[in-house]
Amino acid sequence: MQWFETMSSVRNWHSRLVLCHIGHDLVSFASVKELITVVRDALEGYKFAYEQAGVHHRDISVGNIVFTTIGEGILLDWDTRQSPMNTDGSWHNKRTGTWIFMAAALLQKNPPCYSLADDLESIVHVLTWIALRYIRNSFSDDPGDLSDTMADVYCKYREVKGVFYGGQEKMDWLLRFTRNSGRPKVEFHDNPSLQWLIWQASALCATRYDVPQQGFEEPIAFEVRKTHHAAALAALGRSQALLNDFEKVFDGSWPGGDISKDSPKPETPPLSSKAHRRHQPA
């Protein structure tokens, strides 16, 4: 697309995007199948932008994904998009995004440079956050437990000299879905397809935090896990791997009785509160 090439040579670019469809909020989805479809479409749009122009979105959130009247998902708000490198060849390392949906690595005190894996993790956080909040799950019977869990995972932070840090709870949440974590995973008994997708996608994102450490395992087991870890990291470096997981959900028959919003809504802090504001300075 030619406009991508034009933007890459202009330092400041003011633009307006007019769509031929009216976008509906992602949280107004009518079914789990529609939710997954819309998020998948947003991922496909992101994949196209990244592969064609090499840009990161850097603010993928619930508010930046909408769907049309025919159920197609659109990823909006590209004003924070940026290529991985500055014009002088250095890597971008300024932290930006919506706190609740930012990758755990970016919330640490010394965050890494922004990468493809960060945007992909944000997409998984969007899907999981909505599923926990709106779709009946294993935490739903105790709204207080659900509220505490979501607040700990997505909203917890500490402030040091006016700068917010966090992410450890979000990282621990993702690590629940690794093969041998031994910790309880959220279950969606009414929709095994959604459960499989969240487990699979979370485990993929957890790869970067589940680094094999020599000396803690038998030598042979360590070498095997190191090989598997390297392959998983390579998969996380390509958006196609996560997209494949979304596509696999639709391979089999879809469960009946697929409705949404049957889960008690936990009380969670608003997305615009002080600690969750967009474009946090690093």
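Every number here is computed from the coordinates shown, using simple stated rules; none is lab data. Model, not experiment: these values are computed from the prediction. Every residue, glycine as well, gets a Cβ built from its backbone with ideal geometry; the counts of neighbours run over all protein chains shown.
Cross-link pairs exceeding 27 Å in C-alpha to C-alpha distance, out of Lys47/Lys248; Lys33/Lys170; Lys33/Lys156; Lys170/Lys248; Lys156/Lys248, comprise Lys33/Lys156; Lys156/Lys248. Listed by chain and number, the aspartates and glutamates whose C-alpha is less than 14 Å from the C-alpha of Lys226, apart from same-chain residues fewer than 8 away, are Asp210, Glu217, Glu218. Listing Cys113, Cys20 from fewest to most neighbouring C-beta atoms within 10 Å gives Cys20, Cys113. So if R0 is 30 Å, what FRET efficiency would Ala230 and Cys20 give, r being the distance between their Cβ atoms, rounded to the nearest 0.05? With a Förster radius of 30 Å, E is 0.10.
Straightening the chain between Arg238 and Asp152 buys 28.0 nm, computed as 0.36 nm per residue apart minus the Cα-Cα spacing.
Here the gap between Lys161 and Glu72, fully extended at 0.36 nm per residue and compared with their Cα-Cα distance, gives a gain of 27.7 nm.
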